Structures are given as C-alpha cells and as structure tokens.
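**Q** First the structure, which I've put down as structure tokens, then a few questions once you've had a look.
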Amino acid sequence: RIIPQEKETDMGKINFGRVLLGGVLAAIVLNIGEYVLNEKIMGAQMKEMMSKHGFAEPSGKFMIMAVGVTFVLAIVMIWLYALIRPRLGAGVMTAIVAGCIMWFGVYLYNAGFFVMLFGIPLNSMLIACAWGLVEYCLAAIAGAWAYKEA
C-alpha cells in the first residue's frame, strides 16, 4: 500500500493540521494538472473558444483566484477523505473515492453546462473530463498519503 495503515483506534478525531497539509499536497498536484491540461493539451482549443465567444484572455488576477480556489477544493477533498475514512478504511481506494466525488462535483457537473452554454465539442470535454478524473484521483492519493488521524 502506498498510504501507511494506522490502528483503527480513536477514528472520530479529524486532524485538521494534516487535512491542511494533505490539501496543500493535493492542490499542488491539481494546479500542475490544470496547467498542463489548459496550456499544453487543450490550450489551442481554449483560445479558439474564448475568441469565438469574445472572452478576454484570463488576467493574472483570475489566475491567482483560480489557484486559490483549487487550494480550497483540494483541502475540502482531503477533509472528505478524513470524513469517509472511518467507514471505508484508510488507503488508496478511499482516497480514490474522495477524488471521484470531488471530480463529479467539479468536472462532470460543469462539463454539461460548458457543452450546452459554449458549444464546446463533446470530444474536447471528454478529454478534459478524463484528464480531470485521473488528476483528482492522483491528488487525493497524494493528499491522503500525508493525512494521519489526530
């Protein structure tokens, strides 16, 4: 196992310091993944969609906000891991469950709206969703690796 096992004693106490630490690790993974997806993999499609709809290039302020929101999402994901861990057990599979729940709420939910509102091609959205699923699962595993019960 990648994530060390702990004794199942006192599972009711969430270690919020470790939630934050795990959240920071998960956020680093998510932010790197988002950069690669949005700049390297789908950069041309994103620029085309933005010009088609008359959107301005994202400003530095937007980028700072996006990175900040991603940190919040990552912390929530590791908090979710801590919450479901007593029922599902510590480890990679529980981290993947937390990552999939967050992916559903962040990626899959918004993908439908992006396709309908902006006419983003379905194949592009499927690539982004698949990327996001892997990204969120890897980030959850990284964050869960740092999490230990209080």
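The values are calculated or read from the model by the stated rules, or taken from the named source; none is laboratory data. Computed from a predicted model, the values in this text were never measured in an experiment. Glycine gets a Cβ as well: all are built from the backbone with ideal geometry, and neighbour counts include every protein chain shown. These area figures cover heavy atoms from the full protein model, side chains too; ligands, DNA and RNA do not enter into them. Shrake-Rupley method; radii C 1.70, N 1.55, O 1.52, S 1.80 Å.
**Q** With every atom except the alpha carbons ignored, what do you get for Rg and Dmax of the chain, in angstroms?
**A** Spelled out, the Cα radius of gyration and Dmax of the chain are 16.9, 57 Å.
**Q** Find which of 84, 53, 106 sits farthest along the positive direction of the dipole of the chain, computed with +1 on the beta-carbon of Lys and Arg, -1 on that of Asp and Glu, about the Cα centre.
**A** Value: 84.
**Q** If you plug each phi of segment 117-124 into the Karplus form 6.51 cos²θ - 1.76 cosθ + 1.60 with θ = phi - 60°, what whole-Hz ³J(HN,Hα) values come out, in order, with x for Gly and Pro?
**A** Going residue by residue, I get 6, 10, x, 5, x, 4, 5, 5 Hz, with x marking Gly and Pro.
**Q** Let me ask something additional. Which lysines have a Cα less than 26 Å from the Cα of residue 61, not counting those fewer than 8 places away in the same chain?
**A** Reachable lysines: 40, 47, 52.
**Q** Ok, one more. Return the calculated 222 nm mean residue ellipticity for the chain, to the nearest 500 deg cm²/dmol, obtained by summing -39500 (n - 2.57) across DSSP H runs with n ≥ 4 and dividing by the residue count.
**A** Details: 6 runs with 106 residues, N = 150.
Using -39500 (n - 2.57) per qualifying helix, the result is -24000 deg cm²/dmol.
**Q** May I pose another question? Please list, or write none, the lysines whose alpha carbon is within less than 27 Å of the alpha carbon of residue 148, excluding same-chain residues fewer than 8 places away.
**A** Cα-Cα hits under 27 Å: 7, 13.
**Q** While we're looking at this one, here's another question. Taking +1 at the Cβ of each Lys and Arg and -1 at the Cβ of each Asp and Glu, which of 129, 68, 97 sits farthest along the dipole of the chain towards its positive end, judged by Cα position relative to the Cα centre?
**A** Ranked along the dipole, the leading option is 97.
**Q** Explain nothing, just compute: Karplus ³J(HN,Hα) = 6.51 cos²θ - 1.76 cosθ + 1.60, θ = phi - 60°, for every residue of segment 71-79 in order, whole Hz, x for Gly and Pro.
**A** Per residue, the Karplus-derived 3J(HN,Hα) values read 4, 4, 4, 5, 5, 4, 5, 6, 5 Hz.
**Q** With every protein chain present, what is the per residue accessible area of the chain (1.4 Å probe, Å²)?
**A** Here the per-residue accessible area is 59 Å².
**Q** OK, next. Most fluctuating residue of 64, 78, 41 in a GNM of the chain with Cα springs under 10 Å: which is it?
**A** Among 64, 78, 41, the largest mean-square fluctuation in the Gaussian network model of the chain belongs to 64.
**Q** Can you run phi through the Karplus equation (6.51, -1.76, 1.60; θ = phi - 60°) for segment 56-64 and list ³J(HN,Hα) in whole Hz, with x for Gly and Pro?
**A** 6, 4, x, 7, x, 4, 4, 4, 4
**Q** Another question, then. For the chain, give the percent of accessible area contributed by carbon and sulfur heavy atoms, probe 1.4 Å, rounded to a whole number. Please report the intermediate quantities before stating the final value.
**A** Values: 6450 of 8780 Å².
Taking all protein chains in place, the chain shows 73 percent carbon and sulfur surface.
**Q** Let me ask something additional. Excluding residue 110 itself, calculate the net charge of residues whose Cβ lies under 15 Å from the Cβ of residue 110, where each Lys or Arg counts +1 and each Asp or Glu counts -1. It would help to have the intermediate numbers written out before the result.
**A** On the way: positive: none; negative: 34, 135.
Taking every other residue near residue 110 into account, the sum is -2.
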